[in-house]
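The values are calculated or read from the model by the stated rules, or taken from the named source; none is laboratory data. It should be emphasised that the depicted structure is a prediction, and the values quoted were computed from it without experimental measurement. All Cβ positions, glycine included, derive from the backbone under ideal geometry; neighbour counts span all protein chains shown. Note: areas computed on protein heavy atoms with side chains; ligands, DNA, RNA excluded. Shrake-Rupley method; radii C 1.70, N 1.55, O 1.52, S 1.80 Å.
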Amino acid sequence: MSNPLAPGSLADKRALVTGSSRGIGADTVGYLAGAGAKVVVNYRNKAKRAEQIAEQVVADGGAALAIGADLTDHASVQAMVDQVVEAWGGIDLLVLNASGGMESGVGEDYALRLNRDAQVDMLQTAVPHMPAGSRVVFVTSHQAHFVETAETMDEYVPVAKSKRAGELALRELIPQLEAAGIEFVVVSGDMIEGTITATLLNRLNPGAIEGRRQEVGKLYSVSEFAAEIALAAVEPIPADHTKLVGDVSGFGA
């Protein structure tokens, strides 16, 4: 898919995309870098993938850093932000893409720690280094965004609720962000073809992806959804701070 952002439209902007060593995050990094942004490829344990993405950005004439950080560990988050600030002086765009909770062996409270607590900590750690005119983009799903008003698969409910809790906690910070001249937008998408979450859900609930595809007619691919996230970095912020991607008719929207 071609880059939805115009060449040079993000020149000299410094972007940090959490969870960007693969999938939606990696494609988002590619679009931002293609528009001229300096990009941080954040990873938890996929160092080689992240380094390869960063190396490709540099090979294409851009600037990139691959930085590992466990977002549930404040010291790790602080170290990442410190490294970005030391290299580039600050952050103009923070894309909160990393999420999880369906992994095995991570503990009952992991989804809430990652999808709520870590999101807030990541933002608050970055904010002192984000100048006026900066932007924060929080990535979520319709299944999470509408979890209070629409049914979702039983297997996904704990994760959906934790992501919604994270979204609400971040929204509470909007007045603080606006006072600092920082913009905030939520990008919510339907089930995305090819993501780890969709694959896991389909494994637990065979036919889930096909059923959803038939219901709405089209599911976005990883690259298509990443393009919408990249556009959210430059589009005007909606009054409700929410960008809904794809069909929402089945969610009571």
About its Cα centre, how strong a charge dipole does the chain have in debye, to the nearest 20, once Lys and Arg get +1 and Asp and Glu get -1 at the Cβ? 320
Can you give the charge dipole size of region 79-186 about its Cα centre, rounded to the nearest 20 debye, using +1 on the beta carbon of Lys and Arg and -1 on the beta carbon of Asp and Glu? 180
Given the -39500 (n - 2.57) contribution per DSSP H run of 4+ residues, what per-residue ellipticity at 222 nm results for the chain, rounded to the nearest 500 deg cm²/dmol? -12000 deg cm²/dmol
For labels at residue 132 and residue 86 in the simple 7 Å Cα→Cβ model, what's the distance in nm? 3.1
Would you mind putting 26-34, 43-51 in packing order, based on average other-beta-carbon counts within 10 Å, highest first? 26-34, 43-51
Read-out mean projected area of the Cα convex hull in nm², derived from the coordinates shown; its label in (1) 13.8; (2) 15.0; (3) 12.7: (3)
Would you list 39, 58, 127 from the most to the least accessible area, probe 1.4 Å? 58, 127, 39
Going toward the positive end of the dipole of the chain, with +1 on Lys and Arg Cβ and -1 on Asp and Glu Cβ, which of 111, 101, 34 do you reach last? 34
Would you mind computing, in nm to one decimal, how far apart the modelled labels at residue 55 and residue 240 are, each placed 7 Å from Cα along Cα→Cβ? 4.5
Could you tell me the accessible area of residue 112 in Å² (1.4 Å probe, neighbours in place), rounded to the nearest ten? 60
Cut-off under 16 Å on the C-alpha distance; same-chain residues fewer than 8 positions from residue 218 excluded. Which aspartates and glutamates are left, in chain and number order? 190, 193, 210, 228, 247
With a 1.4 Å probe and all protein chains kept in place, how much accessible area does residue 167 have, in Å² rounded to the nearest 10? 0
Given a 1.4 Å probe and heavy atoms of the protein chains only, how would you sort 151, 178, 172, largest accessible area at the top? 151, 172, 178
Can you spot the lysines whose alpha carbon is less than 17 Å from residue 38's alpha carbon? Ignore those fewer than 8 places along the same chain. 13
Over the heavy atoms of residue 72, what accessible area does a 1.4 Å probe trace out, to the nearest 10 Å²? 50
Relative packing of peptides 134-141, 7-14, 153-160 - highest average C-beta neighbours within 10 Å first: 134-141, 153-160, 7-14
